[in-house]
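The values are calculated or read from the model by the stated rules, or taken from the named source; none is laboratory data. These figures come from a predicted structure and were not determined experimentally. Positions of Cβ are backbone-derived with ideal geometry, glycine not excepted, and every protein chain shown enters the neighbour counts.
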Amino acid sequence: MTTLGPVLLRLAQVTRTHGHGELTVHALRSVDLEVRVGELVAVMGPSGSGKSTLLNIAGGLDSPTSGTVSLADAQLSGLDLKARARLRRRSVGYVFQDFNLIPALTAAENVSLPRELDGVSTRPARVEALAALADVGIAELADRFPDELSGGQQQRVAIARALVGPRRLVLADEPTGALDSVTGEDVMRVLRARVDAGAAGLLVTHEARFAAWADRTVFLRDGVVVDSTGPRPDVEALLTLDPA
């Protein structure tokens, strides 16, 4: 593991509620979380505990009902929609559960698109995309379209897209969910290497063997952080914790 750098991502007293009155759902409750450069943090918890909501808020895809979210020196709530989108595109790599690949683009074109939106011309953007696809073991599939790929291959394209370019924060929502165990370990190795090279990472996973790649694990239940532990968490013990 690398020596940790400054705090890149900070959530302070973040609460997210949906609905009103008796229909109010508390997705997150007063969550405090910091992720430093060189640090990979895993987030675990039961279904509905707020893990995906936490990732969406950390990446600026959603806004907290209260509390603040800061990425480097920028407070996301202080940015307008265009500025937030620009910061997210340039600084955040996001691996979605449902991949979110563009059907009309090849694997390489899907991966190079964020770099082209950054202003990188087509040829060097493709070079970067091919390197990212090679990192996740599917360089030979660069010119195939998403519907020509298996679910696991699509997942690896999505991961390559999240890691391409100088992304400072990598957010991964169950990035190994569609992969076999060997490929999942390979993907975690790539994610770990990117973090060690100077990024920060926030990983949602339900598998302890993948959380073991993290520097620490945060456990959520009912939108509340009920524990934070170092590598190789005792998941069975955490599952029995009473958040009260």
So how many residues does the range 25-50 have that are within 11 Å of the chain's Cα centre (by Cα) and either free of Cβ contacts under 8 Å to residues at least 60 places away in the same chain or not in a strand (DSSP E or B) (or both)?
0
Scan the range 111-122 and tell me whether some residue there is of a type in the set (Val, Ile, Thr) and under 30 Å from Val182 (Cα atoms).
yes
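How many of the residues making up the range 160-184 are part of a helix (DSSP H, G or I), under 13 Å from the mean Cα position of the chain (by Cα) and modelled with pLDDT under 90?
Going through the range 160-184 one residue at a time, the tally reaches 1.
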Using the structure shown, decide if Thr24 is surrounded by fewer than 19 Cβ atoms within 10 Å (Cβ to Cβ), of a type outside the set (A, V, I, L, M, F, W, C), in contact with a Ser or Thr (Cβ under 9 Å, 6 or more places away or on another chain) and modelled with pLDDT under 90.
yes
Counting only residues that are under 14 Å from Leu179 (Cβ atoms) and in contact with a Gly (Cβ under 7 Å, 6 or more places away or on another chain), which one in the range 190-215 is surrounded by the fewest Cβ atoms within 10 Å (Cβ to Cβ)?
Phe210
If I go through the range 185-223 residue by residue, how many of them are closer than 20 Å to Ser91 by Cα and either assigned to a strand (DSSP E or B) or out of contact with any strand residue (DSSP E or B) (no Cβ under 9 Å at 6 or more places or on another chain) (or both)?
9
If you check every pair at least six apart or on different chains, which have Cβ atoms under 7 Å apart with a residue in the range 138-151 that is free of Cβ contacts under 8 Å to residues at least 60 places away in the same chain and more than 20 Å from Thr176 (Cα to Cα) first and a residue that is not β-branched (Val, Ile, Thr) and not in a helix (DSSP H, G or I) second?
Phe145/Pro103
Any chance the range 62-76 includes a residue that's under 14 Å from Leu171 (Cα atoms), modelled with pLDDT under 95 and not basic (Lys, Arg)?
yes
